[in-house]
Amino acid sequence: MSDKRALILAKTLDLFRAQGIKSTTMQQVAEAAGVSKGALYLHFASKSALTLAAMEYLDDGLVAQVNQILEREDLSPREQLVTQIRFQFETLREDQQLTTEFWQEAGFQLDEQVVSLAEKIRLTWQLIQEKFLLRAYGDHVKPYVIDLSVMLSGALNEYASLAILQGISLDDEPAAAFLVFAMDQLVVGLEREQPQPFLNETLFAHRNQVVAKLAEERQKRLLEALADIKNHFLELDLSDSEAADLQAVLDLLARELTESEPNRMLVQGLLANFRDWRAVQEPRRFIAESLKIKLI
């Protein structure tokens, strides 16, 4: 994603939070982002398209932040689970009004793009929850991980809703600790009684289609980030040898990003070639974060 597009989406979210989606105009977004209204429409064909992109940008940012918790070596797996639940409490509370307006009051019809975004958000967070649960409790709970994920997500959302809708003061730390304690008891009971899982992959056949669609979208966005890098260098006055070297790096990077499982070490080395080019740091970071690569 280009720096300009990211700036527009960030300013859009600021305006949405301050005055609501309905009250925000394209002119206000253009002024906040420092672009003309015409230039804004080059990026987003309509306010509906802008709003949809802004909500996806918001969720992608939250996903990136919560995935960083999985990388924290200072936390045990159980502490990681508590930390990500606390993080979700905080973010649900902060943006509840915005997300409620988007899904219930923004006047969107359930067209394909909105349904696709809803599927993406639901499945992405379900898979994230499953990762944390498996890390905290081990692979022996794998048969029940979908059930556990659904129960934990439901409880988390209900707790957050109580705090927001009824004005209950909710302390994130003990709330997260209590939910994990409750999960502990569920896991103990499931391991002891070993019932048949209620939810399983068979009941989630559609899930594989969504996973495939998400993978396709991720690859598309990776290639868009690569295109941003390429376009920057096309505008520079490089020597023939410099241009040839950069083209070779970009070709290798393009080849890896079109693989279903890119070689992360190779991509890490290739991205290192662009570390001194300030103008391409945003797409460089996006590629690294998407593939969970540490920039060098």
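What follows is calculated from the coordinates using simple rules that are stated; it is not laboratory data. Note that this is a predicted model, so its numbers are computed, not measured. Please note: Cβ atoms are built from the backbone with ideal geometry, for glycine as well, and neighbour counts cover all protein chains shown.
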**Q.** Residues of the range 257-294 with amide N under 16 Å of the 7 Å Cα→Cβ point at Gln219
**A.** 257-264, 291
**Q.** Sequence-distant lysines (8 or more away, or on other chains) whose Cα lies within less than 18 Å of Lys230
**A.** Lys4, Lys220
Q.
Show me the GluC sites (Glu not before Pro) within the range 185-264 that DSSP assigns to loop and that have at most 15 other Cβ atoms within 10 Å of their Cβ.
A. Glu201, Glu235, Glu259
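Assuming 0.36 nm per residue, please report the length gained on full extension of the stretch Leu238 to Arg72 beyond their Cα-Cα distance.
Here the answer is 55.7 nm.
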Q: For the chain, set up a Gaussian network in which alpha carbons nearer than 10 Å are linked by springs, and say which option among Leu250, Leu81, Leu236 fluctuates the most.
A: Leu236
Q: Please compute P(r) over all alpha-carbon pairs of the range 1-151, binned at 10 Å starting from zero, and give each bin as a whole-number percent.
A: 10, 34, 30, 18, 7, 1
Q) Tell me, what ³J(HN,Hα) does each residue in the range 229-241 have, in order and in whole Hz, if you take phi through Karplus 6.51 cos²θ - 1.76 cosθ + 1.60 with θ = phi - 60° and put x for Gly and Pro? A) 5, 4, 4, 4, 6, 5, 7, 8, 8, 9, 5, 4, 5
Q: Give, as a single signed number, the net charge of other residues whose beta carbon lies under 13 Å from the beta carbon of Leu133, with Lys and Arg counted +1 and Asp and Glu -1.
A: 0
Q | Tensor-based shape of the range 214-290 (alpha-carbon gyration tensor, a/c under 1.5 rounded, otherwise prolate or oblate) | A | prolate
Q. Given charges of +1 on the Cβ of Lys and Arg and -1 on the Cβ of Asp and Glu, with all other atoms neutral, how large is the dipole of the range 1-45 about its Cα centre, in debye to the nearest 20?
A. 80 debye
Q: Please determine, in degrees from 0 to 90 and to the nearest 10, the orientation of helix 77-100 with respect to the longest principal axis defined by the Cα atoms of the chain, where the helix direction is its Cα long axis.
A: 70 degrees
**Q.** Among Lys120, Lys22, Lys131: highest mean-square fluctuation, GNM of the chain, C-alpha pairs under 10 Å
**A.** Lys22
Q | Gaussian network model of the chain, springs between alpha carbon atoms under 10 Å - residue of Ser241, Ser76, Ser36 with greatest fluctuation | A | Ser241
Q. By what distance, in whole Å, do the Cα atoms of the chain stretch along each of the three principal axes, largest value first?
A. 70, 46, 36
Q) Residue by residue, what Karplus-based ³J(HN,Hα) values in Hz, rounded to whole numbers, does the range 216-224 have, using 6.51, -1.76 and 1.60 with θ = phi - 60° and x for Gly and Pro? A) 5, 5, 4, 5, 4, 6, 4, 5, 5
Q | Charge dipole of the chain about the Cα centre (unit charges at C-beta), most positive-ward option of Ala288, Gln19, Leu270 | A | Gln19
Q) Which whole-Hz couplings ³J(HN,Hα) result when phi for each residue of the range 28-37 is put into the Karplus expression 6.51 cos²θ - 1.76 cosθ + 1.60, θ = phi - 60°, listed in order with x for Gly and Pro? A) 5, 5, 4, 5, 5, 8, x, 10, 6, 4
Q) For Val115 and Gln185 in the same chain, what is the full-extension length gain: residue separation times 0.36 nm, less their Cα-Cα distance, in nm? A) 21.7 nm
Q: Using all C-alpha to C-alpha distances in the range 1-45, build P(r) with 10 Å bins and read off the rounded percent in each one.
A: 31, 58, 11
